[in-house]
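Heads up, the thing below is written out as structure tokens.
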Amino acid sequence: MNGAAVVLLSGGLDSATCLAIAGAEGFAPYCLSVDYGQRHGAELSAAARLAQALDAREHRIARVDLGQFGGSALTDRSIAVPETGLAPGIPVTYVPARNTIMLSLALAWAEVLGARHIFIGVNAVDYSGYPDCRPEFIAAFGRLANLATRAAVEGAPIELHAPLIELSKADIIRRGAALGVDYALTVSCYQADELGRACGLCDACRLRAAGFAAAGLADPTRYQPKCSAT
């Protein structure tokens, strides 16, 4: 075993694959999900299922209400989720500072656990253009983590792992399938219903569907009635 690792687990396809990779590499995964005031709780339910299915040592949900600030279609219901496909620029589904906050929470738990590794499933190839999914951000946060923590100052530096960052969505799906990830357990949709069924129209749904098609694998996504993707 490579010791304990905190794995950020949203309940989506990418984070599920990231969790499977952490386990396959011999880490003991401690999963952290964040209830940040997102539009639905279906992904948090999915995260709980995945943590159990992929043998996490523990799964916790931290609560930070980013909805009080708004500024994103994922935390402010007055802002519509785009349904017309990927467009240039940073979309309104970007949540200000979300990955910075989530990684900070993961870092805090890692220090308490004595874990020297954090996994995050960000991707900079097939993604929506979020600035906090870029390699530059991950490298910068890694430097911050080792300046800001007692563990690092006392000789136990934290290593940040982003194993999906340079993979296409199809490659991510192939990797996860090879590791036994059941993608039927995951929820990627930005506006899933209470049963976790996808809209088929948002950017996350489009990227997911295209990834399964490119990977040549059946897409197990459950769609809402009358959805054009069904």
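Here, each number is a calculation from the coordinates, and none is a lab measurement. No experiment lies behind these values; they were computed from the predicted model shown. Note that we place each Cβ from the backbone using ideal geometry, even for glycine, and neighbour counts take in every protein chain shown.
Quick rundown of the values:
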item	result
Meets criteria (β-branched (Val, Ile, Thr) and over 16 Å from Gly211 (Cβ atoms)) for Ile158	yes
Filtered residue count, segment 139-176, keeping only those that are among the basic types (Lys, Arg) and over 19 Å from the mean Cα position of the chain (by Cα)	2
Number of the exception - Arg208 against (1) within 17 Å of the chain's Cα centre (by Cα); (2) under 20 Å from Ala51 (Cα atoms)	(2)
Residue list for segment 30-82, filter: more than 21 Å from Thr17 (Cα to Cα), basic (Lys, Arg) and in a loop (DSSP other than H, G, I, E, B)	Arg39, Arg77
Unmet criterion (only one of (1) over 23 Å from Gly12 (Cα atoms); (2) part of a helix (DSSP H, G or I); (3) touching a residue at least 40 places away in the same chain (Cβ under 8 Å)) for Ala115	(2)
Subset of segment 14-65 that is within 15 Å of the chain's Cα centre (by Cα) and of a type in the set (D, E, K, R) - its residue that is surrounded by the most Cβ atoms within 10 Å (Cβ to Cβ)	Asp14
Residues within segment 130-150 that are touching a residue at least 24 places away in the same chain (Cβ under 8 Å), within 19 Å of Gly114 (Cα to Cα) and either touching a strand residue (DSSP E or B) at 6+ places or on another chain (Cβ under 8 Å) or not in a loop (DSSP other than H, G, I, E, B) (or both), tallied	4
Residues (within 24 Å of Ile172 (Cα to Cα) and over 13 Å from the mean Cα position of the chain (by Cα)) located in segment 101-117	His117
Conditions (1) touching a His at 6+ places or on another chain (Cβ under 8 Å); (2) more than 17 Å from Tyr94 (Cα to Cα); (3) crowded, with 18+ Cβ neighbours inside 10 Å; number of the one not met by Gln191	(2)
Cross-chain or 6+ apart pairs with Cβ under 6 Å, segment 18-47 first and at positive phi, then assigned to a loop (DSSP other than H, G, I, E, B) and of a type in the set (A, V, I, L, M, F, W, C)	Gly26/Met1
Filter result for Asn123 (polar (S, T, N, Q) and either under 18 Å from the mean Cα position of the chain (by Cα) or not in a helix (DSSP H, G or I) (or both))	yes
Selection status of Ala110, out of contact with any Leu (no Cβ under 6 Å at 6 or more places or on another chain) and either more than 18 Å from Ala62 (Cβ to Cβ) or not in a helix (DSSP H, G or I) (or both)	no
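Here's the yes/no breakdown for (1) touching a strand residue (DSSP E or B) at 6+ places or on another chain (Cβ under 7 Å); (2) surrounded by fewer than 22 Cβ atoms within 10 Å (Cβ to Cβ); (3) of a type outside the set (Lys, Arg); (4) assigned to a loop (DSSP other than H, G, I, E, B):
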residue	(1), (2), (3), (4)
Ala152	no, yes, yes, no
Gly155	no, yes, yes, yes
Leu167	no, yes, yes, yes
Ile173	no, no, yes, no
Gly180	no, yes, yes, yes
Leu201	no, yes, yes, yes
Arg208	no, no, no, no
